[in-house]
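Data block below; observations after.
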Amino acid sequence: MDETPGLSDQYRMASPWPLFVALGIPISEIGILFDLFPVAVGGLLLFSGSVAGMAHESGYAKTPWRALAVLSVILSVLGGVIAFTDVSLVTRGYAIIAAGVILLVGGVVGELFVDEREPSY
């Protein structure tokens, strides 16, 4: 019995990542703009994880874990610049740094413990 009835290999499968990228951007912007720490961190995690998944799915990244690590460094640097240059934006910068640290931990744990076998369909 076929798991995907009515579909064949000639049709392209739709990717779920653009929807999550489109949701992650406004959620993180709302959290950063209105100084809502958990919303900002959650939105940045959603956005960055989706970008890493999209890069892996399209073949630009060998694994999504290294893409997460690169995005975590970018977020941490950006958060540090925001937190340490303007006194009124300190908590917003800390939210961006927190998202970067969480992404770095996720990238390291994924790289070390996730087995990269191809799925069998």
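Here L68 fulfils each of the conditions (1) assigned to a helix (DSSP H, G or I); (2) over 24 Å from A22 (Cβ atoms) apart from (2). Of the residues making up the range 33-41, at least one is buried (at least 20 other Cβ atoms within 10 Å of the Cβ) and modelled with pLDDT of 95 or more. Against the list (1) over 21 Å from W17 (Cβ atoms); (2) outside any helix (DSSP H, G or I); (3) of a type in the set (D, E, K, R), the condition K62 fails is (1). Within the range 99-118, being surrounded by 11 or more Cβ atoms within 10 Å (Cβ to Cβ) and in a loop (DSSP other than H, G, I, E, B) holds for one residue alone: V114.
Any chance the range 8-20 includes a residue that's of a type in the set (A, V, I, L, M), farther than 19 Å from V109 by Cα, in contact with a helix residue (DSSP H, G or I) (Cβ under 6 Å, 6 or more places away or on another chain) and modelled with pLDDT of 90 or more?
no
Within this structure, I27 passes the test of being surrounded by 12 or more Cβ atoms within 10 Å (Cβ to Cβ), outside any loop (DSSP other than H, G, I, E, B) and either at pLDDT 95 or above or at positive phi (or both). When we screen G43, G24, G31 for residues that are in contact (Cβ under 8 Å) with a residue 40 or more places away in the chain and under 22 Å from V73 (Cβ atoms), the only hit is G31.
The values are calculated or read from the model by the stated rules, or taken from the named source; none is laboratory data. Note that the structure is a prediction, hence the values are computed from the model and not measured. As a convention, Cβ positions derive from the backbone with ideal geometry for all residues, glycine included, and neighbour counts pool all protein chains shown.
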